[in-house]
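Beneath this line is the structure, given in structure tokens, with notes to follow.
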Amino acid sequence: MQIPGPMQIYRLDALWDNYIFLLYDPESQTAAAVDPAEPEPVLDQVRSLGARLTAILNTHHHGDHVGANQALMQRYPDLVVYGGAGDRDRIPGQQVYLSEGDTVTFGGHTAQVFFVPGHTRAHIAYYFPPVAAEPWGELFCGDTLFAGGCGRLFEGTPAQMVDSLSKLRALPDQTRVWCAHEYTLNNLKFARTVDGDNLALIERLAEVETARRHHQATIPAVLGIEKQTNPFLRWDHPALQATAHSRDPVQTFAAIRAMKDRF
Ligand code: ZN
Ligand code: FE
């Protein structure tokens with residue numbers, strides 16, 4: 001059995017505040033694009049690596065996540081487009097329809113698929129568990145979990161989103177969170193208004209303010225830090241429940257989400 005080498009991950013800027021992630025496997029010189037919003041950054045990076053693009057991993061059907069599918073398929077006609085089973089007819093070029101518990105293999109690395117509806121009704125996330133001596137797992141969660149926040153509920157209910165985020169929250173602290181937007185600063189400013197006594201949050205907000213002032217990206221985030229500071233993973237914490245005037249996890253989440261929608 002061949003032990004897979006480390007998978008390289010490139011974070012590419014796209015559109016206004018989107019990130020595309022390019023997975024690169026040096027062994028096979030193949031690459032996979034996660035949520036390609038636009039083709040140029042992907043093609044440039046693939047070219048500079050001397051790689052071949054073999055897959056697109058989509059988390060959901062929104063245009064800022066699938067916008068480059070057609071152009072990339074034209075350039076690499078053999079590439080395979082993955083997405084959620086419920087996104088049939090909504091993701092351009094989709095060929096593989098994934099459900100909870102399915103796996104996707106890229107360059108010897110196998111991702112587990114989580115069904116995480118809420119932002120959209122068909123949203124999925126891809127999780128690559130740590131391999132061999134490497135402590136970090138890699139989570140590609142689209143617009144479900146953000147650094148310091150979560151996606152808006154366009155096609156789902158608070159109960160669905162709590163269920164979805166519970167799956168992601170259950171992953172190890174040493175998981176890198178590769179979410180699709182640079183929303184962290186605004187998210188943490190909001191978080192402070194609902195969880196103001198949280199010292200880890202106050203510290204993190206200061207760090208992110210500094211990073212953004214220097215135009216540094218805040219992605220990937222670290223799941224262990226999300227668990228301590230992201231109000232949308234803390235529906236069972238007394239401070240958030242006090243803000244929401246509820247002891248019920250779903251009602252707490254729903255109240256905090258509604259406040260964020262108006263923030
Ligand atoms: Zn979206
Ligand atoms: Fe998006």
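For this structure, a couple of remarks:
- In the context of the full set of protein chains, residues of the chain present 44 Å² of accessible surface per residue (probe radius 1.4 Å, heavy atoms only).
- Label-to-label distance, nm, for residues given as GLN29 and ASP17 (7 Å Cα→Cβ offset): 3.9 nm
- Label point at ASP261 placed 7 Å out along Cα→Cβ; residues across the stretch 155-170 whose backbone nitrogen lies under 20 Å: 155-166
- With contacts taken as Cα pairs under 8 Å at a separation of at least 6 residues, the chain carries a relative contact order of 12 percent.
- Taking amide H positions as modeled 1.01 Å from N, with prolines and chain starts lacking one, the residues under 5 Å from VAL80 and 5 or more places away or on another chain are ALA55, ILE56.
- Take the Cβ atoms of SER166 and ARG213, set R0 to 35 Å, and the FRET efficiency comes out at 0.55.
- Computed accessible area, ILE124, all protein chains, 1.4 angstrom probe, square angstrom: 0 Å²
- Portion, in percent, of the accessible area of the stretch 8-262 that falls on carbon or sulfur, probe 1.4 Å: 49 percent
- Relative contact order %, the stretch 115-263, counting alpha carbon pairs below 8 Å whose residues are six or more apart: 23 percent
- Using the empirical formula 2.2 N^0.38 Å as the baseline, the Cα radius of gyration of the stretch 77-235 reaches a ratio of 1.07.
- With a cut-off of 14 Å on the backbone N, the residues of the stretch 81-120 near the modelled label site 7 Å out from ARG52 along Cα-Cβ are 107.
- Considering only GLN251, THR105, THR210, the residue lying farthest towards the positive end of the dipole of the stretch 8-262 is GLN251, judged by Cα position with unit charges set on Cβ.
- Between THR103 and ARG75, full extension at 0.36 nm per residue minus the direct alpha carbon distance yields a gain of 7.5 nm.
- Shape of the stretch 204-263, Cα gyration tensor, a/c cut at 1.5: prolate
The values are calculated or read from the model by the stated rules, or taken from the named source; none is laboratory data. These numbers were taken from a predicted model, which means no experiment stands behind them. So basically every Cβ, Gly included, is an ideal-geometry build from the backbone, and we count neighbours across all protein chains shown. Surface areas here come from the heavy atoms of the whole protein model, side chains and all, with no ligands, DNA or RNA. Shrake-Rupley method; radii C 1.70, N 1.55, O 1.52, S 1.80 Å.
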